[in-house]
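Taking it in order: structure first as structure tokens, then the write-up.
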Amino acid sequence: MQNIFWLFPIIFILHEMEEIIGFGIWLNKNIDIVRKYNKLYVLYQNFSNEGFSIAVLEEYLLCIIITGVSIFFRIYIVWIGAFIAFSLHLLVHIIQSIIIKRYIPALASSIILLPISVFLLNKAIYTFEYTFFSIVISSVLCVITMLLNLMFVHKIMKKITEIKGGKKMVRDDTAKGCFAIDDFLKALEK
């Protein structure tokens, strides 16, 4: 059963690698989506590949720690809650892609890894026979923790981007050039 637990960090990093590799390129090629969904700009205004990679590393280390601690102390309900929270994250990517009606980096791995994650969760839940209530409580607490951590890693991304010293560049094919996001948004306001 321990081998199944260690599949969570592997699934996590496979999914995140798709995002790390493709998200910056996707943002630059999909400026129309940034224009249409202002919340996307607000969420990723401090995006840089370096900042995003450090944020993913922090989350990956948490995933490994949760898995290791769950195995060591035999408190598998924490692992189940964290894995359910991550699986919901995969589902959110699928829904995002449906809403914007195009591929997003994370869609392919979400489609492939969500059924595998559900299978592994189902196996763990039936093996350890946790109550529905304990699974819901653990999942809710882990989703809340995940959202708080997401806010934290976005601050890390901002700091890393500032340390990097450059503004994030967004490609605007309509203007046939590159603009700093801040300059681009100012132009849109005019």
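So what is the 222 nm mean residue ellipticity for the chain from helices alone, if each DSSP H run of at least 4 adds -39500 (n - 2.57) and you divide by all residues, rounding to the nearest 500 deg cm²/dmol? It would help to have the intermediate numbers written out before the result.
Values: 8 runs with 155 residues, N = 190.
My calculation for the chain gives -28000 deg cm²/dmol from helical runs alone.
Take Gln96, project a point 7 Å from its Cα along the Cβ direction, then tell me which residues of segment 1-33 have their backbone nitrogen under 20 Å from it.
Backbone N within reach: 9-33.
Run the dipole for the chain about the Cα centre, Lys and Arg Cβ at +1, Asp and Glu Cβ at -1, nothing else charged, and hand back the magnitude in debye, nearest 20.
Details: 18 positive and 14 negative charges, 95 e Å.
Dipole about the Cα centre, nearest 20: 460 debye.
Write out the trypsin sites (Lys or Arg not before Pro) in segment 1-100 meeting two conditions: DSSP loop, and at most 11 other Cβ atoms within 10 Å of their Cβ. Before the final figure, lay out each step's value.
On the way: sites: Lys29, Arg35, Lys36, Lys39, Arg74; in loops: Arg74.
Listed in order of number, the matching sites are Arg74.
Anything over 21 Å Cα to Cα? Flag those among Lys39/Lys158; Lys36/Lys101; Lys39/Lys101; Lys36/Lys159; Lys29/Lys101, in the order listed.
Flagged as over cut-off: Lys36/Lys159.
Under 14 Å from the Cβ of Phe83, count the other residues' Cβ atoms, weight Lys and Arg +1, Asp and Glu -1, and hand me the total. Write out the running numbers ahead of the final one.
On the way: positive: Lys123; negative: Glu59.
Result for the neighbourhood of Phe83: 0.
Pull out the extension gain between Ile64 and Asn3, defined as 0.36 nm times the separation in residues minus the alpha carbon to alpha carbon distance; nm, one decimal.
Numbers: separation 61, 0.36 × 61 = 21.96 nm, distance 1.30 nm.
Here the segment from Ile64 to Asn3 would lengthen by 20.7 nm.
Averaged per residue, what accessible area in Å² does the chain show with a 1.4 Å probe, protein chains only?
Numbers: 11130 Å² over 190 residues.
Accessible area per residue: 59 Å².
Quantify, in whole percent, the carbon and sulfur part of the accessible surface of the chain (1.4 Å probe; protein heavy atoms only). Could the numbers behind the result be given before it?
Working: 7850 of 11130 Å².
Here carbon and sulfur together make up 71 percent of the probe-accessible area.
Quote to one decimal, in nm, the extra length available between Asp32 and Leu88 on full extension: 0.36 nm per residue of separation minus the C-alpha distance between them.
Working: separation 56, 0.36 × 56 = 20.16 nm, distance 2.66 nm.
Fully extending the segment from Asp32 to Leu88 adds 17.5 nm.
The values are calculated or read from the model by the stated rules, or taken from the named source; none is laboratory data. None of the values given here were measured: they were computed from a predicted structure. In this analysis, Cβ positions are derived from the backbone assuming ideal geometry, glycine residues included, and neighbour counts consider all displayed protein chains. Areas reflect the complete protein model, heavy atoms only, side chains present, ligands, DNA and RNA absent. Shrake-Rupley method; radii C 1.70, N 1.55, O 1.52, S 1.80 Å.
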